[in-house]
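Only one structure is covered here, and it is reproduced in the block below.
The values are calculated or read from the model by the stated rules, or taken from the named source; none is laboratory data. What you see is a predicted model; the values in this text were computed from it and never measured. Quick reminder, even Gly has a Cβ in these numbers, built from the backbone with ideal geometry, and neighbours come from all protein chains shown.
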Amino acid sequence: MIRPCFLVVDQEHSGSISTRKLVIETAKFNVITAYTGAEAIQTLKKFPAVDGAVLDAGVRDLPCHEIVQQLKAIRPGLTVVVAGTIGHELCRGADHFLETFDPAKLLKLLQRLQPEKTALILQMDDKLSDPEN
């Protein structure tokens, strides 16, 4: 089984890795992380076979809508989820907007975007937790 892979564009914080990366990986999805819009664009050029992108609307090096536009220019049809506070929902071109940083809501959305692969992951988890296996 090939697990879904998401490009996560998150703000970098000193001495820590992306919290969203950790959250998404708990769902057993793969994550490639970028900490600026420019890095996300270059990363997608190098690794275009992602299932979607999760963008923190607060990334500051480029306007949110410009990041989305450039990501979709590289990979037409790419699903982009933007997470931010009220006011960032105007990130034109994004497919989904979460006005919250609630990890559970993000995971539910990503799982809905990848229902077949999510079902396979859950089946594998069930098998692994079954003491008779």
Report task. For the stretch 49-64, state whether one or more residues are assigned to a helix (DSSP H, G or I) and either surrounded by 12 or more Cβ atoms within 10 Å (Cβ to Cβ) or in contact with a Pro (Cβ under 6 Å, 6 or more places away or on another chain) (or both). Result -> yes
Requested in this report: Could you give me the residue pairs with C-beta distances under 9 Å whose first residue belongs to the stretch 62-76 and is among the acidic types (Asp, Glu), whose second residue is assigned to a helix (DSSP H, G or I) wherever it lies, and which are 6+ apart or on separate chains?
Outcome: Glu66/Gly37
Query raised in the report: Out of all the residues in the stretch 22-58, which are under 24 Å from Ala73 (Cα atoms) and either of a type in the set (Lys, Arg) or modelled with pLDDT under 90 (or both)?
Result: Lys45, Lys46, Ala57, Gly58
Requested in this report: Select from the stretch 79-133 the residues that are among the charged types (D, E, K, R), at pLDDT 85 or above, outside any loop (DSSP other than H, G, I, E, B) and surrounded by fewer than 16 Cβ atoms within 10 Å (Cβ to Cβ) and list them in ascending order.
Outcome: Lys105, Lys108, Arg112, Glu116
Query raised in the report: Of Gly37, Gly58, which residue is under 20 Å from Asp102 (Cα atoms) and among the small types (Gly, Ala, Ser)?
Result: Gly58
Query raised in the report: Quick check: is even one residue across the stretch 22-44 of a type outside the set (A, V, I, L, M, F, W, C), surrounded by 14 or more Cβ atoms within 10 Å (Cβ to Cβ), in contact with a helix residue (DSSP H, G or I) (Cβ under 6 Å, 6 or more places away or on another chain) and closer than 30 Å to Asp126 by Cα?
Result: yes
Report task. Can you tell me which residue among Ser14, Ser18 is within 29 Å of Leu128 (Cα to Cα) and at pLDDT below 90? Result -> Ser18
